[in-house]
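Chemist: Structure below; questions to follow.
The values are calculated or read from the model by the stated rules, or taken from the named source; none is laboratory data. Small disclaimer: the values here were computed from a predicted structure and weren't measured. Counting neighbours? That spans all protein chains shown, and the Cβs are built from the backbone with ideal geometry, glycine included. Surface accessibility is based on the protein's heavy atoms, side chains included, excluding ligands, DNA and RNA. Shrake-Rupley method; radii C 1.70, N 1.55, O 1.52, S 1.80 Å.
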Amino acid sequence: MRALRTLIVALVTTALISLGTVAISTPTASAATCSVKNSKRFVPKKALLVNLASARVLARGRHNGVPLTPPLTTAGKRALGWDKLGYRPGDKYGHILMIAHSYPDGSALGNDMVRRLKLGMIIKVYGGNGQIQCYKVVVKKTAKPSKQLSRYYYGNNRSEPRLALITCSGTRISAGVWSTRTIWFAKPIA
């Protein structure tokens, strides 16, 4: 009975979030829909950073081997770009790469993440067919861009399964060039 209730809550929540009519903002709501770890991989469509923001997840390719950011549009500044050539929620290993923009005026999703995404916070990733995978933020790192930082972010096929979020941070030097990157790793939770 509890599993059925959890499933109904997850389906209704997913429907309401996709319509943009509700955003879950309480830690107790996160526990209600994270009772079972997802067992099958899926394409992410939406992410809920509990107590912070709800964001559309856009499947993006790569340019010269580097995952693309969301588009530079009004909608893109509040979205996450997901590396569709990489790992997916539900995979047994690897880093699921998602990228957010930061804007000089502080209005983008990445700016909110830098200010408010903390260790221990819950992130819910939703698929298009009612799938859900919950993650708990376990690492936050800010560093200058480098090949070493890129390897740390990308991981490999032996890496523990993690949701890896990245955004530009620090000082904006010029258009698209910032002094640091902030990365969060979140582990799957049941």
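Chemist: Give region 134-174 a look and list any residue that's under 18 Å from PRO188 (Cβ atoms) and among the aliphatic types (A, V, I, L, M), or say none.
Modeler: Matches in region 134-174: VAL137, VAL138, VAL139, LEU163, ALA164, LEU165.
Chemist: Moving to a separate point now. Counting only residues that are open to solvent by 20 Å² or more (accessible area, probe 1.4 Å) and over 17 Å from ASN129 (Cα atoms), which one in region 42-60 is modelled with the highest pLDDT?
Modeler: Step one: of region 42-60, the residues open to solvent by 20 Å² or more (accessible area, probe 1.4 Å) are 43, 45-46, 51-52, 54, 56, 58-60.
Restricting the remaining residues to those that are over 17 Å from ASN129 (Cα atoms) gives 51-52, 54, 60.
On the way: ASN51: 85, LEU52: 87, SER54: 92, ARG60: 95.
Applying the filter and picking the extreme gives ARG60.
Chemist: If you go through region 46-64 one residue at a time, how many are more than 13 Å from ASP83 (Cβ to Cβ), hydrophobic (A, V, I, L, M, F, W, C) and touching a helix residue (DSSP H, G or I) at 6+ places or on another chain (Cβ under 9 Å)?
Modeler: Residues of region 46-64 more than 13 Å from ASP83 (Cβ to Cβ): 46-56, 64.
Okay, now just the ones that are also hydrophobic (A, V, I, L, M, F, W, C), so 47-50, 52-53, 55.
Now drop any that are not touching a helix residue (DSSP H, G or I) at 6+ places or on another chain (Cβ under 9 Å), which leaves 48-50, 52-53, 55.
Of the residues in that region, 6 qualify.
Chemist: On to the next question. If you check LEU109 against the conditions, is it under 25 Å from SER174 (Cα atoms), at pLDDT 95 or above and not small (Gly, Ala, Ser)? Break it down stepwise before answering.
Modeler: Values: under 25 Å from SER174 (Cα atoms): yes; at pLDDT 95 or above: yes; not small (Gly, Ala, Ser): yes.
When the stated conditions are applied, LEU109 passes them.
Chemist: Return a yes/no flag: does region 123-143 have any residue that is at pLDDT 90 or above, touching a His at 6+ places or on another chain (Cβ under 9 Å) and within 28 Å of PRO104 (Cα to Cα).
Modeler: Checking region 123-143: not a single residue is at pLDDT 90 or above, touching a His at 6+ places or on another chain (Cβ under 9 Å) and within 28 Å of PRO104 (Cα to Cα).
Chemist: Just give me the residues in region 101-139 being touching a strand residue (DSSP E or B) at 6+ places or on another chain (Cβ under 9 Å) and among the acidic types (Asp, Glu), in sequence order.
Modeler: Of everything in region 101-139, just one residue is touching a strand residue (DSSP E or B) at 6+ places or on another chain (Cβ under 9 Å) and among the acidic types (Asp, Glu), namely ASP112.
Chemist: A follow-up question, please. Report yes if SER150 is farther than 21 Å from GLY76 by Cβ and of a type in the set (Gly, Ala, Ser), otherwise no. Talk me through it step by step, then tell me what you get.
Modeler: Working: farther than 21 Å from GLY76 by Cβ: yes; of a type in the set (Gly, Ala, Ser): yes.
Yes, satisfied.
Chemist: Taking the condition of being more than 20 Å from the chain's Cα centre (by Cα) and of a type in the set (A, V, I, L, M, F, W, C), how many residues in region 143-176 meet it?
Modeler: 2
Chemist: Between a first residue in region 169-181 that is aromatic (Phe, Trp, Tyr) and a second residue that is at pLDDT 90 or above and open to solvent by 80 Å² or more (accessible area, probe 1.4 Å), which pairs have beta carbons less than 8 Å apart while being 6 or more apart in sequence or on different chains?
Modeler: Once the first residue is aromatic (Phe, Trp, Tyr) and sits in region 169-181, its partners that are at pLDDT 90 or above and open to solvent by 80 Å² or more (accessible area, probe 1.4 Å) give TRP178/THR171; TRP178/ARG172.
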